[in-house]
Amino acid sequence: MLKAARKKRSIARWRALETFFECYVRQLEGKSREGNQAGFYRHLKMIDVEGKRSFTSQNIKDEDGKVLRDPTFIRQRWARWFHKLLNTKSPTIDLHAADKVKR
């Protein structure tokens, strides 16, 4: 009985893997047909050598807390974040301090 349960579990696991890889290969073929080489290799690297899902492609949240999954939207979110980070006035640095220094 235990052997039969293990066999069923093994078959179910293989079917799930087969379904996953069929979908994965379809997505790779689509990116290849589109000529999207960067997207193709990025998608290819999402699976590591053992076939486990890699977490190199992480989702991030928008300013409103909405989860972004599309790489284009993620890049735009990072661009907005860095723009805000680099273009804010510092509360501790006096920009005119250099003018006050005697030469």
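Being modelled with pLDDT of 80 or more, outside any helix (DSSP H, G or I) and within 12 Å of the chain's Cα centre (by Cα), is that true of even one residue in region 78-92?
no
Within region 6-15, does at least one residue satisfy the condition of being at pLDDT 75 or above, of a type in the set (G, A, S) and surrounded by 10 or more Cβ atoms within 10 Å (Cβ to Cβ)?
yes
The values are calculated or read from the model by the stated rules, or taken from the named source; none is laboratory data. What you are looking at is a predicted structure, and each value in this text was computed from that prediction instead of being measured. Neighbour counts run over all protein chains shown; Cβ positions are idealised from the backbone, glycine included.
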